[in-house]
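Peer 1: Starting off with a structure, shown below.
Quick note: the coordinates plus some simple rules give every number you see, no bench work behind them. Owing to the predicted nature of the structure, the values given are computational and were not obtained by experimental measurement. No Cβ is skipped: glycine too gets one built from the backbone with ideal geometry, and neighbour counts run over all protein chains shown.
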Ligand code: NAD
Ligand code: WQD
């Protein structure tokens, strides 16, 4: 039985769908600080299965220990965390409490319960402003904000734990690039609670007429069209990457570190054009000043995942946009 912490969230819910698709049983622990219980009802419609949900906080060691014991957990996929860079700058303690202390509490409870397999949500943000792309896993780790520091600290504690008990742990640190998209059913997707920080949900809301126009943060970067370049990965590809990592850990003890990306650089304006093709509606935009803290360009070298996990992405930018558009319209109908 797999424990999915943060399983009601954007990536967690899509990973639950992938687990169900591959016949792997799981339970969800979530405190709903950035998601809604209704996601799990829609997930049940997708999977055709009743879900076991425990509402609670990953920082509650007694609760986590009880869940591990009562549900016979054998492995954990740990999504529960906070992810807003700007908020982490304003309130770093909140990020260290959840992303670091929460991970310590979880791993301590796992060790006490004899559960020693965990897949962890890390982020390409640990690379900070990379020297160049594509980025390999052995690139310099130089995060530039408390959120990135919290992810690197959690990675470091996993490495120290593995070293302290050689061969006893099976730990995967998955560094996601830019997850976008939505489940093909249109029933689950990215559901920001207020004004979207990220590009894709904002573009979708402009296309839907909820927002007037997209502000393109910077048109003078040293990129092909002057706008920021990223490695956008479909959330369903990302979800399948987690199942592949879990299967790898079943056969390999130790510490695994893998980039999860497409290896394909895409600019803001390329994404805007792709969304217009997918939706059939214009996405008005205005090029404004750069956003502080943004880097010009980064994308993954996806070779480690291909070699070790036998996994690579299969959904392109057009499908990412088409799936988001279906979700956006479906979401609008439900409001
Ligand atoms: P999300 O906010 O949609 O999902 C996180 C889930 O965890 C939410 O359902 C939230 O309610 C829950 N949660 C948060 N704190 C909790 C706690 N203390 N106890 C229990 N549940 C808690 O975010 P997401 O986009 O699905 O990201 C999932 C993970 O992946 C996060 O750790 C994030 O840092 C990481 N990540 C996300 C991105 C991205 O761009 N979305 C990129 C790289 C890494
Ligand atoms: C993408 C591109 C912007 C919004 C963030 C976090 C990172 C990770 C993924 C958690 C950039 C441009 C954006 C807009 C724009 N999250 N943009 N107008 O900043 O690459 O990564 O999400 O781990 O930690 O930092 O993603 O979607 O915000 O930006 O022009 O309204 O789109 O400048 O070039 P980012 P993003």
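Peer 1: How big is the Kirkwood radius of the chain, worked out from every pair of different alpha carbons and given in Å to one decimal?
Peer 2: Kirkwood radius, the chain: 20.2 Å.
Peer 1: Using alpha carbons only, how many degrees (0 to 90, rounded to 10) separate the axis of helix 61-70 from the longest principal axis of the chain?
Peer 2: 70
Peer 1: Return the Cα extents of segment 14-147 along principal axes one, two and three, sorted largest first, each rounded to a whole Å.
Peer 2: Taking the Cα atoms of segment 14-147, the three principal extents are 46, 31, 28 Å.
Peer 1: Picking from 23, 293, 219, which is most flexible by a Gaussian network model of the chain using Cα springs under 10 Å?
Peer 2: Of 23, 293, 219, the most mobile in the Gaussian network model is 23.
Peer 1: So what is the relative contact order for segment 1-158, in percent, with contacts set as C-alpha pairs under 8 Å and at least six apart?
Peer 2: This gives 23 percent for segment 1-158.
Peer 1: What is the angle, in °, between the Cα long axis of helix 38-47 and the longest principal axis of the Cα atoms in the chain? Nearest 10 is fine, range 0 to 90.
Peer 2: With both axes taken from Cα atoms, the answer is about 80 degrees.
Peer 1: Another question about this same structure. Which residue, 181, 263, 209, tops the fluctuation ranking in a GNM of the chain built on C-alpha contacts under 10 Å?
Peer 2: With Cα springs under 10 Å in the chain, the top fluctuation among 181, 263, 209 is at 209.
Peer 1: If you build a Gaussian network model of the chain, linking Cα atoms that sit under 10 Å apart, which residue out of 234, 14, 71 swings the most?
Peer 2: 71
Peer 1: For segment 243-321 and segment 13-85, what is the centre-to-centre distance using only Cα atoms, to the nearest Å?
Peer 2: Cα centroid to Cα centroid, the span is 24 Å.
Peer 1: Another question, if that's okay. At R0 = 25 Å, how high is the FRET efficiency between residue 131 and residue 290 if r is their beta carbon distance? Nearest 0.05 is fine.
Peer 2: The value I calculate is 0.80.
Peer 1: Which percentage, to the nearest 5, of the DSSP beta bridges contained in the chain is antiparallel?
Peer 2: If we restrict to bridges inside the chain, about 5 percent are antiparallel.
Peer 1: With each pseudo-label sitting 7 Å past Cα toward Cβ, what's the residue 138-residue 66 distance in nm, one decimal?
Peer 2: Between residue 138 and residue 66, the label points sit 4.7 nm apart.
Peer 1: Something else: With each run of n ≥ 4 DSSP H residues scored as -39500 (n - 2.57), what mean residue ellipticity at 222 nm is computed for the chain after dividing by its residue count and rounding to the nearest 500 deg cm²/dmol?
Peer 2: Only helices count here, giving -12000 deg cm²/dmol.
Peer 1: Now for a separate question. Could I have the simple spin-label model distance between residue 184 and residue 44, label points 7 Å from Cα toward Cβ, reported in nm to one decimal?
Peer 2: Between residue 184 and residue 44, the simple spin-label model gives 2.5 nm.
Peer 1: On full extension of the chain, what length is gained from residue 303 through residue 112, given 0.36 nm per residue of separation minus the C-alpha to C-alpha distance?
Peer 2: Length gained, residue 303 through residue 112: 65.2 nm.
Peer 1: Once both axes come from the Cα atoms, what is the angle between helix 235-251 and the longest principal axis of the chain, in degrees from 0 to 90, rounded to 10?
Peer 2: For helix 235-251, the angle is close to 30 degrees.
Peer 1: For residue 215 paired with residue 250, estimate the spin-label separation in nm (one decimal), with each label point 7 Å from Cα along the Cα-to-Cβ line.
Peer 2: According to this spin-label approximation, the distance is 4.8 nm.
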